[in-house]
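Novice: Structure provided below as structure tokens; questions to follow.
The values are calculated or read from the model by the stated rules, or taken from the named source; none is laboratory data. Every value quoted in this text rests on a predicted model; they were computed, and no experiment measured them. Positions of Cβ are backbone-derived with ideal geometry, glycine not excepted, and every protein chain shown enters the neighbour counts.
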Amino acid sequence: MINFLAILLIIFIGLLILVFKKRSFKKLINKRNINSIKLNKNNKFSSNKNSFLYNHEEKKYSIFYKNSQRNKMISLFQGNTENKLKALKIAEELADVSTLPILRKGLRDISPEVVEISALLIRKFK
């Protein structure tokens with residue numbers, strides 16, 4: 001009887017491990033999709049379907065992740081042009097209404113690349 005219970009316990013633990021591994025595998029895939037947004041050679045965002053969010057596509061992020069990315073975006077936007085472009089990549093990734101104040105600041109920026117990308121990203125909220 002004890003051997004039977006031990007076997008059932010081992011099977012149950014094995015199933016739990018498989019379930020948790022599956023969840024961590026999905027998280028790994030999601031992280032890989034987040035990092036797929038890249039700048040092309042002209043310092044503009046690539047226009048392939050993978051980098052832009054369409055109205056029917058929603059990426060779901062946790063509130064903690066959104067807040068941390070928003071804070072990172074705000075601190076990056078106070079730096080040089082490269083940092084502002086990184087902040088705009090984060091804004092594109094989030095595709096959230098809360099990024100609009102940063103995008104509006106980008107429209108008033110000195111750098112033409114920042115202005116152009118900010119305008120492209122703001123268009124998506126119309």
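Novice: Among what's in the range 73-100 and is without any contact (Cβ under 8 Å) to a residue 24 or more places away in the chain and under 22 Å from Lys60 (Cβ atoms), pick the residue that is surrounded by the fewest Cβ atoms within 10 Å (Cβ to Cβ). Step through it out loud before you land on a result.
Specialist: Here is the first cut: in the range 73-100, the residues without any contact (Cβ under 8 Å) to a residue 24 or more places away in the chain are 75-76, 78-80, 82-83, 86-87, 90.
Then keep just the ones that are under 22 Å from Lys60 (Cβ atoms); that gives 87, 90.
Working: Ala87: 27, Ile90: 19.
Top of the filtered list is Ile90.
Novice: Okay, next question. For the range 62-85, how many residues are closer than 16 Å to Val115 by Cβ, assigned to a helix (DSSP H, G or I) and of a type outside the set (A, V, I, L, M)? Walk me through how you get there before you give the answer.
Specialist: Initially, the range 62-85 is screened for residues closer than 16 Å to Val115 by Cβ, giving 77, 80-85.
Now restrict to residues that are assigned to a helix (DSSP H, G or I): 77, 81-85.
Checking which are of a type outside the set (A, V, I, L, M) leaves us with 77, 81-84.
Number of matching residues: 5.
Novice: Check whether at least one residue in the range 47-65 is at pLDDT 80 or above and surrounded by 10 or more Cβ atoms within 10 Å (Cβ to Cβ), and report yes or no.
Specialist: The initial filter retains those residues of the range 47-65 that are at pLDDT 80 or above, namely 62-65.
Restricting the remaining residues to those that are surrounded by 10 or more Cβ atoms within 10 Å (Cβ to Cβ) gives 65.
Within the range 47-65, one or more residues are at pLDDT 80 or above and surrounded by 10 or more Cβ atoms within 10 Å (Cβ to Cβ).
Novice: What's the total number of residues in the range 104-120 that are in contact (Cβ under 8 Å) with a residue 60 or more places away in the chain and in contact with a Ser or Thr (Cβ under 8 Å, 6 or more places away or on another chain)?
Specialist: To start, the set of residues in the range 104-120 that are in contact (Cβ under 8 Å) with a residue 60 or more places away in the chain comprises 113, 116-117, 120.
Subset that is in contact with a Ser or Thr (Cβ under 8 Å, 6 or more places away or on another chain): 113.
Of the residues in the range 104-120, 1 are in contact (Cβ under 8 Å) with a residue 60 or more places away in the chain and in contact with a Ser or Thr (Cβ under 8 Å, 6 or more places away or on another chain).
Novice: Got at least one residue in the range 89-112 being modelled with pLDDT under 90, not in a helix (DSSP H, G or I) and not polar (S, T, N, Q)?
Specialist: Taking every residue of the range 89-112 in turn, at least one turns out to be modelled with pLDDT under 90, not in a helix (DSSP H, G or I) and not polar (S, T, N, Q).
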